[in-house]
2 protein chains.
Amino acid sequence: MLSFTEENYLKALLHLTMEIEDKVEAGTNELAFYLGVKPATATDMLKKLKEKKLIQYEKYGKISLSDTGRNKAVEILRKHRLWETFLYEKLEFTWDEVHEVAEQLEHIHSPKLVDKLDKFLGYPEVDPHGDCIPNAKGELKQSFKKTLSEVETGASCKMVAVKDNTAAFLQYVSQLNLGIDTPIKVVSRQAYDGSMEIMISGATINVSQKFAENILIV
Amino acid sequence: MLSFTEENYLKALLHLTMEIEDKVEAGTNELAFYLGVKPATATDMLKKLKEKKLIQYEKYGKISLSDTGRNKAVEILRKHRLWETFLYEKLEFTWDEVHEVAEQLEHIHSPKLVDKLDKFLGYPEVDPHGDCIPNAKGELKQSFKKTLSEVETGASCKMVAVKDNTAAFLQYVSQLNLGIDTPIKVVSRQAYDGSMEIMISGATINVSQKFAENILIV
DNA sequence: TAAAATTGTTAGGTTAGTCTAATTGTTATA
DNA sequence: TATAACAATTAGACTAACCTAACAATTTTA
């Protein structure tokens with residue numbers, strides 16, 4: 001049985017290696033920063049996770065999930081996204097509120113609970129943020145999405161998900177009347193700082209490059 | 001913010017003091033046995049809970065919950081019973097499966113979650129075991145329990161607690177494979193000395209009246 | 001390619017929650 | 001009421017997860 005902390009390390013590794021296509025490794029500092037701990041702490045845990053055969057790792061080397069480790073991590077991701085869906089669809093939580101509570105709920109362990117919840121929700125395929133929910137077999141449709149910042153000037157697209165899940169970001173997104181499936185047109189760009197003018201349901205607004213890098217589109 | 005462990009101690013104290021009418025105090029050994037830890041461990045935690053003003057307690061004395069402590073404990077009980085109801089009514093769990101999962105879910109902290117869950121379930125008053133669910137104000141209808149000796153011959157019940165907390169008695173109870181939530185059927189009685197035959201998970205055994213008077217049931 | 005910057009590890013310390021063994025209070029009983 | 005039985009506490013140790021400070025390895029860059 002894994003501890004909450006061990007689960008969080010595995011989840012972090014999955015996240016870090018899923019972010020970019022073909023990326024399968026992460027570094028100690030990167031992992032530590034993501035989890036909000038010191039690198040020394042991460043090193044200790046990495047030894048433990050290696051001991052348990054959940055990761056591949058050599059001293060001073062890069063880290064990657066083993067098959068077992070990846071399966072565990074995907075299972076946690078599945079729980080996280082199912083709970084988010086539950087909170088959003090059944091309990092009237094808003095978009096930006098679900099993540100924090102799901103961070104706690106994802107650690108409840110009961111295989112029956114997960115399956116029954118999945119059934120109760122009608123076997124959803126995506127969570128409220130547009131991210132794919134891994135199925136009961138642990139299969140996760142990997143969709144490497146482009147970000148708004150990669151869209152050509154003049155082109156149109158549709159928001160499908162967000163990369164950043166912090167409440168601050170999500171609230172900003174909501175404020176702009178942006179949500180899953182909202183059409184976006186890139187009107188113009190500033191070469192100076194990468195900021196861009198975008199059109200959302202008729203209104204033109206200006207957003208930073210940082211913002212655009214966290215909006216995933218199709 | 002209380003840790004899971006601190007919450008479990010408060011919940012245990014509420015349980016122990018709710019068991020019997022007018023009982024408001026518990027002992028260190030009793031508490032430790034209930035939680036499955038050693039008395040020394042309980043002593044450490046009692047100091048901490050006293051420091052935080054969650055209990056009334058003096059060295060070598062009895063323990064009782066402070067108002068704050070009781071409120072916290074009732075809130076946990078509320079969450080526990082609401083989750084049990086959710087699992088039973090919405091996710092098709094059986095009555096004997098809900099407890100274990102609710103033990104985990106009761107520690108999720110999000111006031112909004114509790115209120116929304118309560119609303120989603122239609123503000124239920126009792127959980128799947130027939131126990132009262134405290135309302136949002138923390139009001140709990142007290143129901144006092146009967147002893148095994150009061151159960152009619154032929155009837156079935158479920159052990160919910162013990163009245164006697166001596167090691168000898170508790171060891172005897174364990175030996176019989178009796179524990180919290182164990183179903184018991186009263187098969188027959190001797191008018192001569194009040195001893196009774198009871199059935200526990202298929203096996204029929206004979207117990208004295210004294211024994212039966214110390215098993216609390218529902 | 002040597003020095004500087006970065007990345008990662010080790011050593012030693014802290015806290016929460018647990019344990020065992022020894023000891024001290026309290027209660028019951030002979 | 002003295003003592004045996006029981007209940008509770010203290011002392012000292014362990015593990016998991018974290019920290020800081022010092023050091024070692026690797027990578028970058030001048």
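The values are calculated or read from the model by the stated rules, or taken from the named source; none is laboratory data. Computed from a prediction, not measured in an experiment: that's the story for all the values here. Note: ideal-geometry Cβ built from the backbone for every residue, glycine included; neighbour counts use all protein chains shown. Just so you know, the surface numbers come from the protein's heavy atoms only, side chains and all, with ligands and any DNA or RNA stripped out. Shrake-Rupley method; radii C 1.70, N 1.55, O 1.52, S 1.80 Å.
Restricting to the range B:20-44, name every residue that is within 8 Å of DNA strand C (Cβ to nearest atom) and out of contact with any Ser or Thr (no Cβ under 7 Å at 6 or more places or on another chain).
B:Leu35, B:Gly36, B:Val37, B:Lys38, B:Ala40, B:Thr41, B:Asp44
Just a yes or no: is a residue in the range A:99-112 within 21 Å of the chain's Cα centre (by Cα), among the polar types (S, T, N, Q) and either within 16 Å of DNA strand D (Cβ to nearest atom) or open to solvent by 60 Å² or more (accessible area, probe 1.4 Å) (or both)?
Yes, there is a match, as at least one residue in the range A:99-112 is within 21 Å of the chain's Cα centre (by Cα), among the polar types (S, T, N, Q) and either within 16 Å of DNA strand D (Cβ to nearest atom) or open to solvent by 60 Å² or more (accessible area, probe 1.4 Å) (or both).
Hey, can you tell me all the residues within the range B:193-210 that are of a type outside the set (Asp, Glu), surrounded by 13 or more Cβ atoms within 10 Å (Cβ to Cβ) and not in a loop (DSSP other than H, G, I, E, B)? Can you show your working first?
So the first thing to find is which residues in the range B:193-210 are of a type outside the set (Asp, Glu), and the list is B:194-196, B:198-210.
Next cut, surrounded by 13 or more Cβ atoms within 10 Å (Cβ to Cβ) only: B:194-196, B:198-200, B:205, B:207-210.
Of everything in the range B:193-210, those that are of a type outside the set (Asp, Glu), surrounded by 13 or more Cβ atoms within 10 Å (Cβ to Cβ) and not in a loop (DSSP other than H, G, I, E, B) turn out to be B:Met196, B:Ile198, B:Met199, B:Ile200, B:Ile205, B:Val207, B:Gln209, B:Lys210.
Determine if the range B:36-46 includes at least one residue that is in contact with a Pro (Cβ under 9 Å, 6 or more places away or on another chain) and hydroxyl-bearing (Ser, Thr, Tyr). Even if it seems obvious, please write down each step before you answer.
First, pick out the residues of the range B:36-46 that are in contact with a Pro (Cβ under 9 Å, 6 or more places away or on another chain): none.
No: the range B:36-46 contains no residue that is in contact with a Pro (Cβ under 9 Å, 6 or more places away or on another chain) and hydroxyl-bearing (Ser, Thr, Tyr).
So, in the range A:27-63, of the ones that are among the β-branched types (Val, Ile, Thr) and free of Cβ contacts under 8 Å to residues at least 24 places away in the same chain, which residue ends up most open to solvent (accessible area, probe 1.4 Å)? Don't jump to the end; show me each part of the working.
Step one: list which residues in the range A:27-63 are among the β-branched types (Val, Ile, Thr), which gives A:28, A:37, A:41, A:43, A:55, A:63.
Subsequent filtering for residues that are free of Cβ contacts under 8 Å to residues at least 24 places away in the same chain retains A:37, A:41, A:43.
Numbers: A:Val37: 50, A:Thr41: 65, A:Thr43: 44 Å².
For the range A:27-63, the residue satisfying everything is A:Thr41.
Whether any residue in the range B:64-86 is within 16 Å of DNA strand D (Cβ to nearest atom), touching a helix residue (DSSP H, G or I) at 6+ places or on another chain (Cβ under 9 Å) and under 23 Å from B:Leu31 (Cβ atoms) is what I want to check. Talk me through it step by step, then tell me what you get.
Taking the range B:64-86 as the starting set, the residues that turn out to be within 16 Å of DNA strand D (Cβ to nearest atom) are B:64-65.
Still in the running and touching a helix residue (DSSP H, G or I) at 6+ places or on another chain (Cβ under 9 Å): B:64-65.
Applying the additional criterion that residues be under 23 Å from B:Leu31 (Cβ atoms) yields B:64-65.
Checking the range B:64-86: at least one residue is within 16 Å of DNA strand D (Cβ to nearest atom), touching a helix residue (DSSP H, G or I) at 6+ places or on another chain (Cβ under 9 Å) and under 23 Å from B:Leu31 (Cβ atoms).
Mind listing just one residue for me: the one in the range A:119-137 that is modelled with pLDDT under 95 and open to solvent by less than 30 Å² (accessible area, probe 1.4 Å) and, of those, nearest to the other protein chains (Cβ to nearest Cβ)?
Top of the filtered list is A:Pro128.
Could you give every pair whose Cβ atoms fall below 6 Å, whose first residue belongs to the range A:88-111 and is not assigned by TED's automatic domain parsing to the domain that holds A:Pro128, and whose second residue is part of a loop (DSSP other than H, G, I, E, B) and open to solvent by less than 10 Å² (accessible area, probe 1.4 Å), counting only separations of at least 6 or pairs across chains?
Nothing qualifies.
Of all the residues that make up the range A:155-173, how many are small (Gly, Ala, Ser), within 14 Å of A:Gly130 (Cα to Cα) and assigned to a helix (DSSP H, G or I)? Lay out the reasoning, then the answer.
Quick first cut of the range A:155-173, residues small (Gly, Ala, Ser) only: A:155-156, A:161, A:167-168.
If we keep only those that are within 14 Å of A:Gly130 (Cα to Cα) as well, we get A:161.
Those still in the list that are assigned to a helix (DSSP H, G or I) too: none.
Here the count works out to 0.
Among the residues of the range A:176-192, write down those that are surrounded by fewer than 14 Cβ atoms within 10 Å (Cβ to Cβ) and over 26 Å from the mean Cα position of the chain (by Cα).
A:Ser188, A:Gln190, A:Ala191, A:Tyr192
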